[in-house]
């Protein structure tokens with residue numbers, strides 16, 4: 001398999017990324033205006049997103065939200081990690097997380113967190129993530 | 001006990017908030033410039049923070065980070081929840097979370113998440129939070 005390259009997301013990736021993310025969580029986005037999604041995403045400059053590209057096609061996506069805490073620390077939150085089903089098991093996810101951790105380092109994060117299903121903990125262990133807390137959710 | 005009032009954080013709260021947050025996580029902030037902390041916090045406008053005030057003194061603090069996702073959803077992340085030790089057990093934390101959830105609603109969040117120690121899950125259940133995932137961390 002040729003090398004995957006990672007780069008910052010571009011607006012022209014949106015159709016591919018929307019489809020990719022359906023493999024993570026299905027939503028009905030038929031009525032959404034992608035221009036508005038893009039503007040909101042870019043204007044809230046705390047989010048940094050990258051795509052993994054194989055043969056000119058985005059096949060992986062992930063983002064890291066950068067939080068400036070009140071006491072001056074910077075924290076990173078990894079969100080929305082997905083690798084296209086047919087490319088899983090090839091270590092692409094590990095490289096994707098590595099790239100997001102690098103972004104976190106470049107933004108001076110002291111800590112990066114993520115929420116996941118317990119079955120994925122071994123996957124995230126590969127990048128040095130460990131678990132000692134639980135994640136709680138409320139849908140509005 | 002008189003009523004606690006909740007309001008947005010002000011720069012003049014910083015000394016009190018820094019002390020309060022030491023009860024959550026101790027850090028050495030003696031060399032930090034609070035003006036810079038404040039500017040970074042306010043400039044990254046994804047963070048919304050409130051204080052609970054009792055007799056003109058901040059005794060509780062919490063924040064919610066607003067994330068614009070690439071597909072247009074808005075997600076909230078509750079961070080840094082603290083109630084001063086001598087005021088715990090009086091339901092102030094529940095009201096604080098309620099106010100942060102209200103902010104999340106006003107920002108059109110479809111979901112709010114938080115990370116906590118398992119021992120606190122019953123506390124967050126009171127505000128309708130449930131757990132089905134784990135939190136993973138990596139310190140940089």
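Just so you know, all these numbers are worked out from the coordinates, no wet-lab data involved. The model shown is predicted, which means the values in this text are computed figures rather than measured ones. Cβ coordinates were reconstructed from backbone atoms using ideal geometry, including for glycine residues, and neighbour counts include every protein chain displayed.
Taking the residues in the stretch B:49-74 that are closer than 13 Å to residue A:46 by Cα and within 16 Å of the chain's Cα centre (by Cα) as candidates, determine which candidate is surrounded by the fewest Cβ atoms within 10 Å (Cβ to Cβ).
Here the residue is B:66.
In the stretch A:12-26, what count of residues is obtained for those that are outside any helix (DSSP H, G or I) and in contact (Cβ under 8 Å) with a residue 60 or more places away in the chain?
Qualifying residue count for the region: 1.
Given B:21, B:14, which one is under 24 Å from residue B:87 (Cβ atoms), at the interface with chain A (Cβ under 8 Å from one of its Cβ atoms), more than 12 Å from the chain's Cα centre (by Cα) and crowded, with 18+ Cβ neighbours inside 10 Å?
B:14
How many residues does the stretch B:93-136 contain that are out of contact with any strand residue (DSSP E or B) (no Cβ under 7 Å at 6 or more places or on another chain) and under 23 Å from residue A:120 (Cβ atoms)?
Result for the stretch B:93-136: 2.
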